[in-house]
Amino acid sequence: MLASSMLVSVALAPVAQAAEAAAPAAGPIPIQDFVRHAEFSAAKISPDGRYLAITVQRGDQFALAVLDLKDMSLLKQTVLPDDKSVGAFNWVGAKRLMFTAVRNFGRFAAPFNTGEWFAMDADGSRSRTLISYGTKDATQSSKAVSYSETFNMMETLPEDETRALMMVNSSGGGEGVDTEIVSINTLTGQRRVITRAPAKNCSIALDANKEPRFADCFVSKDDAGNYAELTDLYRREANGEWTLVNRSKANGRRIVVVGSAKDGRIYAQSDDGKAPAAFGLLDQATGEFKPLFQDPVSAPSEYIVGSDGATILGIVSRTGAPRVELIEKDSPDTAIYASLANAFPGKFVNFSTATTDGKQIVVAVGSDRQPEELYLYDRDTGKARFLIRDRDWLDSEKMASVRPFSFTTRDGLTLHGYLTVPNGAKLENLPMIVNPHGGPIGPRDDWGFNWETQLLASRGYLVLQLNFRGSGGFGSGFQDAGHRQWGEKMQDDLTDVTQWAIKKGYADASRICIYGGSYGGYASLMGAAKEPDLYRCAVGYVGVYDLEMMYKKGDIPETESGRRFLERTIGSDKADLQRRSPVHLAAKIKIPVFLIAGEKDRRAPREHTEAMRDALVAAGHPPEVVIIQAGEGHGFYNEANNLALYTKMLAFFDKYIGAGAGKVDVGQPTSGDAAARH
């Protein structure tokens, strides 16, 4: 850690604080206000500062809007046909944009990339299709790509709006992905290959001159053919050849290049496969890593990047609330960032994008109670001007607070998590919902605004989220500790933290339910089976309940690496898989159960939910509610479907751990046709 570094932390009340300052709302906030889609997802200032491009919600689609920053008036709005949304977008010049198309499909799944890329000027003129999977005539053949290829923006070149650098990944048959860097003409779509990666499954990083310089290659198989998480780091020489710099299989240390500063420094992360990763500098000639920062508990989660889009000002770690370590103490941008962070106490501040000259910076500000707001900082005046607020229909003063906590498990492991405390409530003897996250290996829960936990808290429930062993963000050793622990120590962690909350007096022991999505759905049903006296009800949302079925259904077993991962994370012994599968433990489940699935879910196919339902029926304890929603995938996306779902879910919680008045209008789940019309 640099002795001269600066520290900025989000200040939070301790978990034992008695009450919120704000008074409780006179009546519950409508469910619709929480399930409404976010108003925008990303915003970027044009290189000359004239425009702001922003993806805005239009029904179930994201459109691309271009605003004139002088008065925030709308210059152009682009809505794609066939229910497609605008995904990633970038300014490739002072007035020219490139963007891709995606389909939003499932709350827990990333948007599905259609493979198409488009370009246009800020006013919509010179609109072009640059990349597509199909063409209508021979004149468009240069734009056609294989279905096995995906294109991602790597670097824009604002000094030449006719060119951009893209990374192309192609499966091409067999296992692994080939990677190459291409230069694309933003007017014609013509592409020129610059370099190809030295191995399969690589990510390529540029140097300060925007030349491909390093390749981080992921190796998912060890010498015995078992699943592994190994990396090889290569350096590209002046003659275009690649030289191996580091091999984690040989020395046990993984080095991943993060980026390059304008002055040529190479940023990297390094870890030994056990402790959280360190951030530092990589010597380009020798491959030696020099650490600059390492948190003892959590790995870097993101970076504060300066107005030049390259210099890293600070490292963010998230053991609890975000903690920012500022390392560029002499940079003028660091002084600006520290001033802005101090101007928004209790909130997380980040630089979003900036103009080429660095005089105007879009600043993102958010907190546990406040959805993201955007400000425009003017370096000449030293003032920040408000631009837009997401979910502005929600009053942050009426939202719940999210309080970090830590506790020790039965086997002595310190774990971290969050309590979402209802607004105006005393943290004492509250009805509680234990909410395990999905994954489970890699994902984690975080501090920040979460509409779902806010919805639950708005009905008076304390929501507990735990980063159990196996969660990401706490080092490879912590993450690897979750393998083969489905239904075992990972489940014990949830049991232990529930009992901790009871002993602390935070939760009413007679009013606790468990609810989660994806892996969290599995953990909810396992909790009901293993701890029949701890929970009063269980909700499984797009969960997996039959571990044997995971080898036969869904998208994970479709690849060899996916099957190796299953072997690593759940094992393959039939008797053991059955012992840890809720479908084979249905007779032990005595509490009310609510099951939800998406009809088109490929990650956790509906057959898991149907098997769980049938097992409970056979055990003489049928689930109280089962929803298999047409048109939905891994989590619901359609607002009408979510409104119907959460109306029924809140009624279910109310019946077993709430007031029990039964006054919630549960309605009916929306049909697939109705969802399509919304």
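The values are calculated or read from the model by the stated rules, or taken from the named source; none is laboratory data. Quick caveat: nothing in here was measured; it's all calculated off a predicted structure. All Cβ positions, glycine included, derive from the backbone under ideal geometry; neighbour counts span all protein chains shown.
Across segment 255-269, what is the number of residues that are within 22 Å of the chain's Cα centre (by Cα) and surrounded by fewer than 21 Cβ atoms within 10 Å (Cβ to Cβ)?
3
From the list Asp555, Asp573, Asp546, pick out the single residue that is in the same structural domain as Leu430 (by TED's automatic domain parsing), of a type in the set (D, E, K, R), in contact (Cβ under 8 Å) with a residue 40 or more places away in the chain and surrounded by fewer than 16 Cβ atoms within 10 Å (Cβ to Cβ). Walk me through it before giving the result.
Values: Asp573 fails: in contact (Cβ under 8 Å) with a residue 40 or more places away in the chain; Asp546 fails: surrounded by fewer than 16 Cβ atoms within 10 Å (Cβ to Cβ).
Unique residue meeting the criteria: Asp555.
Quickly run through segment 299-324 and pick out the residues that are of a type outside the set (Val, Ile, Thr) and either assigned by TED's automatic domain parsing to the domain that holds Gly472 or under 25 Å from Asp357 (Cα atoms) (or both).
Glu302, Tyr303, Gly306, Ser307, Asp308, Gly309, Ala310, Leu313, Gly314
Among the helices (runs of 4 or more DSSP H) contained in segment 424-503, which hold 1 or more residues that are small (Gly, Ala, Ser), in the same structural domain as Gly520 (by TED's automatic domain parsing) and closer than 27 Å to Lys347 by Cβ?
451-458, 489-503
Of all the residues that make up segment 360-406, how many are within 21 Å of Leu52 (Cβ to Cβ), assigned to a loop (DSSP other than H, G, I, E, B) and touching a residue at least 40 places away in the same chain (Cβ under 8 Å)?
7
Here's a check for you: in segment 634-647, which residue that is part of a loop (DSSP other than H, G, I, E, B) and not hydroxyl-bearing (Ser, Thr, Tyr) is farthest from Arg536 (Cα to Cα)? Please lay out each step first, then the result.
At the first step, the residues of segment 634-647 found to be part of a loop (DSSP other than H, G, I, E, B) are 634, 636-638.
Checking which are not hydroxyl-bearing (Ser, Thr, Tyr) leaves us with 634, 636, 638.
On the way: His634: 26, Phe636: 25, Asn638: 29 Å.
It comes out as Asn638.
I'd like the full set of residues that are buried (at least 18 other Cβ atoms within 10 Å of the Cβ) and more than 30 Å from Leu650 (Cα to Cα), limited to segment 35-48.
Within segment 35-48, Ala43, Lys44, Ile45, Ser46, Pro47 meet the criteria.
Which of the following residues is basic (Lys, Arg) and either within 19 Å of Ala278 (Cα to Cα) or not assigned by TED's automatic domain parsing to the domain that holds Lys290 (or both): Arg235, Arg254?
Arg254
Of the conditions (1) in a loop (DSSP other than H, G, I, E, B); (2) under 24 Å from the mean Cα position of the chain (by Cα), Gly49 satisfies every one except a single condition; which number is it?
For Gly49, the exception is condition (2).
Of the conditions (1) among the basic types (Lys, Arg); (2) on the phi < 0 side of the Ramachandran plot; (3) in contact with a helix residue (DSSP H, G or I) (Cβ under 8 Å, 6 or more places away or on another chain), Arg484 clears all except one; give me its number.
Tallying (1) among the basic types (Lys, Arg); (2) on the phi < 0 side of the Ramachandran plot; (3) in contact with a helix residue (DSSP H, G or I) (Cβ under 8 Å, 6 or more places away or on another chain), Arg484 fails exactly one: (2).
If you go through segment 103-126, how many residues are surrounded by fewer than 20 Cβ atoms within 10 Å (Cβ to Cβ), part of a loop (DSSP other than H, G, I, E, B) and modelled with pLDDT of 80 or more?
Total meeting the criteria: 4.
Considering only segment 509-527, I want to know if a residue exists there that is surrounded by fewer than 18 Cβ atoms within 10 Å (Cβ to Cβ) and part of a loop (DSSP other than H, G, I, E, B).
no
So for segment 167-179 (the condition being of a type outside the set (Gly, Ala, Ser), farther than 30 Å from Gly252 by Cβ and part of a strand (DSSP E or B)), does at least one residue qualify? Write out each step before concluding.
Going through segment 167-179, the residues of a type outside the set (Gly, Ala, Ser) turn out to be 167-169, 175, 177-179.
Narrowing the set further to residues that are farther than 30 Å from Gly252 by Cβ leaves 168.
Cutting the leftovers down to part of a strand (DSSP E or B) gives us 168.
Looking for residues that are of a type outside the set (Gly, Ala, Ser), farther than 30 Å from Gly252 by Cβ and part of a strand (DSSP E or B), one finds at least one in segment 167-179, hence yes.
For Gly240, all conditions in the list (1) in a strand (DSSP E or B); (2) among the small types (Gly, Ala, Ser); (3) surrounded by fewer than 19 Cβ atoms within 10 Å (Cβ to Cβ) hold save one; what is the number of the exception?
The single condition Gly240 does not satisfy is (1).
Yes or no: Thr243 without any contact (Cβ under 8 Å) to a residue 24 or more places away in the chain and of a type in the set (Ser, Thr, Tyr)?
yes
Counting only residues that are among the hydroxyl-bearing types (Ser, Thr, Tyr) and over 18 Å from Phe40 (Cβ atoms), how many does segment 53-109 have?
Summing the residues that are among the hydroxyl-bearing types (Ser, Thr, Tyr) and over 18 Å from Phe40 (Cβ atoms) in segment 53-109 gives 0.
Between a residue in segment 504-525 that is under 18 Å from Val626 (Cβ atoms) and any residue that is β-branched (Val, Ile, Thr) and part of a helix (DSSP H, G or I), which pairs come within a Cβ distance under 6 Å, given they are 6 or more apart or on different chains?
Correct list of pairs: Cys513/Ile657.
Quick check on segment 192-226: of everything there that is under 15 Å from Glu237 (Cβ atoms) and among the acidic types (Asp, Glu), which residue is surrounded by the fewest Cβ atoms within 10 Å (Cβ to Cβ)?
Only one residue fits best here, namely Glu211.
Could you look through segment 143-161, keep only residues that are over 23 Å from the mean Cα position of the chain (by Cα) and surrounded by 15 or more Cβ atoms within 10 Å (Cβ to Cβ), and pick out the one that is modelled with the lowest pLDDT?
Filtering first and then ranking leaves Lys143.
Test each condition in (1) surrounded by fewer than 18 Cβ atoms within 10 Å (Cβ to Cβ); (2) modelled with pLDDT under 95 for Gly87 and report the one that comes out false.
Failed condition: (1).
Which of the residues spanning segment 579-624 are under 17 Å from Asp546 (Cα atoms) and among the basic types (Lys, Arg)?
Passing the criteria: Arg579, Arg580, Lys588, Arg602, Arg603, Arg606, Arg613.
Among Gly631, Gly658, Gly667, Gly635, which is the only one that is over 21 Å from Ser518 (Cα atoms) and at pLDDT 90 or above?
Working: Gly631 fails: over 21 Å from Ser518 (Cα atoms); Gly667 fails: at pLDDT 90 or above; Gly635 fails: over 21 Å from Ser518 (Cα atoms).
One residue alone meets the criteria, Gly658.
Mind checking which residues of segment 65-90 are free of Cβ contacts under 8 Å to residues at least 60 places away in the same chain and either outside any strand (DSSP E or B) or touching a Phe, Trp or Tyr at 6+ places or on another chain (Cβ under 6 Å) (or both)?
Listed by number, the residues that qualify are Val66, Lys70, Asp71, Val79, Leu80, Pro81, Asp82, Asp83, Lys84, Ser85, Val86, Phe89.
Restricting attention to segment 495-502, does a residue exist that is touching a Lys or Arg at 6+ places or on another chain (Cβ under 8 Å) and in contact (Cβ under 8 Å) with a residue 60 or more places away in the chain?
There is at least one residue in segment 495-502 that is touching a Lys or Arg at 6+ places or on another chain (Cβ under 8 Å) and in contact (Cβ under 8 Å) with a residue 60 or more places away in the chain.
Exactly one of (1) closer than 30 Å to Ile502 by Cα; (2) buried (at least 19 other Cβ atoms within 10 Å of the Cβ); (3) among the acidic types (Asp, Glu) is unmet by Asp533. Its number?
Just one mismatch for Asp533, condition (2).
Could you identify the single residue in Ser307, Ser270, Ser248 that is without any contact (Cβ under 8 Å) to a residue 40 or more places away in the chain, of a type in the set (S, T, N, Q), touching a Gly at 6+ places or on another chain (Cβ under 7 Å) and closer than 27 Å to Pro212 by Cβ?
Going through Ser307, Ser270, Ser248 in turn, just one is without any contact (Cβ under 8 Å) to a residue 40 or more places away in the chain, of a type in the set (S, T, N, Q), touching a Gly at 6+ places or on another chain (Cβ under 7 Å) and closer than 27 Å to Pro212 by Cβ: Ser270.
Could you list, in sequence order, all residues of segment 1-59 that are closer than 25 Å to Ala101 by Cβ and either touching a Leu at 6+ places or on another chain (Cβ under 7 Å) or modelled with pLDDT under 80 (or both)?
Val35, Ala43, Ile45, Tyr51, Leu52, Ala53, Ile54, Thr55, listed by residue number.
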